[in-house]
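Data block below; observations after.
The values are calculated or read from the model by the stated rules, or taken from the named source; none is laboratory data. Since this is a predicted model, take the numbers as computed values, not measurements. Please note: Cβ atoms are built from the backbone with ideal geometry, for glycine as well, and neighbour counts cover all protein chains shown.
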Amino acid sequence: MTYDIDDDLYVPIWEKRNLTIEEAESFYGIGRDKLLELTADSRCPFVLWVGNRRLIKRKQFEAHIGRIRSL
């Protein structure tokens, strides 16, 4: 397995606290459009804005999807 970055800097996705939309899409099997819709509200408790980039707070998102029945 090869990486574009230094192997010492690689953090497995399941150990990351915050995920990009693309990482969350892959990790949870939820489509990009649905993730963007879920995180569109500025008061969303599981989104972290870094400039204009949105990151998903993994633990808060997992708690959220654990409480709901459908997306």
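A compact table of results
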| read-out | value |
| --- | --- |
| Qualifying positions in segment 28-52 - out of contact with any Cys (no Cβ under 9 Å at 6 or more places or on another chain) and in contact (Cβ under 8 Å) with a residue 24 or more places away in the chain | TYR28, ILE30, LYS34, LEU48 |
| Exclusive hit being of a type in the set (D, E, K, R), crowded, with 17+ Cβ neighbours inside 10 Å and closer than 22 Å to VAL11 by Cα, set ARG53, ARG58 | ARG58 |
| Candidates GLU25, GLU62 - the one that is touching a helix residue (DSSP H, G or I) at 6+ places or on another chain (Cβ under 6 Å) and of a type outside the set (Lys, Arg) | GLU25 |
| Which listed residue is at pLDDT 90 or above, of a type in the set (Phe, Trp, Tyr), assigned to a helix (DSSP H, G or I) and out of contact with any Lys or Arg (no Cβ under 9 Å at 6 or more places or on another chain), from PHE27, PHE61 | PHE61 |
| Positions within segment 40-53 being in contact with a Ser or Thr (Cβ under 9 Å, 6 or more places away or on another chain) and either more than 13 Å from THR20 (Cβ to Cβ) or modelled with pLDDT of 95 or more (or both), in sequence order | PHE46, VAL47 |
| In segment 30-44, the residues that are in a loop (DSSP other than H, G, I, E, B), farther than 23 Å from VAL11 by Cβ and in contact with a helix residue (DSSP H, G or I) (Cβ under 9 Å, 6 or more places away or on another chain) | GLY31, CYS44 |
| Check on SER70, hydroxyl-bearing (Ser, Thr, Tyr) and either free of Cβ contacts under 8 Å to residues at least 12 places away in the same chain or in a loop (DSSP other than H, G, I, E, B) (or both) | yes |
